[in-house]
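Asks: Before we start, here is the structure in question, set down as structure tokens.
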Amino acid sequence: MLSTEDRFAIADVINMHGHLTDRGDFDAMPTLFTEDVTYDVSALGGGVLTGLADLRVAALELGEANPLAHHVTNIVLREAPDGTVHAMSKYLGVATDGSVASGTYDDTLRHGHKGWRITHRVIRPRRVPLQP
């Protein structure tokens, strides 16, 4: 069973993503993700990125088209039998023109010697109301 401390630590990892991403602090990404993270942005047209180096390259290539701000809310955690944790959360992305996009982060986290880290993330944008 996840302890209260584990729940807070996992929420902090998920919440910190927006802060680090928005300021382009790629050197701090190992505090959130495993080195071999799988980051699936297929639904946004970006394919599946593997590893922190791919995340950095993709963000830099996107440049000014990156969201201005990433916000996360509604974090729900479920522990799996293998000790990993599935986290589902909602995100809001604010573009430089002020438009807003919403969706879901589906994360798998593992606890290691450096604490909780995201091993797998799938980004699922919401484009149609009342659909799964």
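Asks: What list of ³J(HN,Hα) couplings, whole Hz, do you get for the stretch 15-32 from phi and the Karplus terms 6.51, -1.76, 1.60, once you set θ to phi - 60° and write x for glycine and proline?
Replies: 5, 5, 3, x, 4, 5, 5, 5, 9, x, 8, 5, 5, 8, 4, x, 7, 10
Asks: With an 8 Å cut-off on Cα pairs and a minimum separation of 6 or more residues, tell me the relative contact order of the chain in percent.
Replies: For the chain, the relative contact order is 24 percent.
Asks: Considering only the other residues whose Cβ falls under 13 Å of the Cβ of Thr31, what net charge follows from Lys and Arg at +1 and Asp and Glu at -1?
Replies: -2
Asks: Per-residue ellipticity at 222 nm for the chain, helices alone: DSSP H runs ≥ 4 residues times -39500 (n - 2.57), over residue total, nearest 500 deg cm²/dmol?
Replies: -7500 deg cm²/dmol
Asks: Computing the accessible area with a 1.4 Å probe over protein heavy atoms, can you report the carbon and sulfur percentage for the chain?
Replies: Roughly 57 percent, rounded to a whole number.
The values are calculated or read from the model by the stated rules, or taken from the named source; none is laboratory data. In this text the structure is predicted, and so the values were computed from the model without any measurement. Note that we place each Cβ from the backbone using ideal geometry, even for glycine, and neighbour counts take in every protein chain shown. Areas reflect the complete protein model, heavy atoms only, side chains present, ligands, DNA and RNA absent. Shrake-Rupley method; radii C 1.70, N 1.55, O 1.52, S 1.80 Å.
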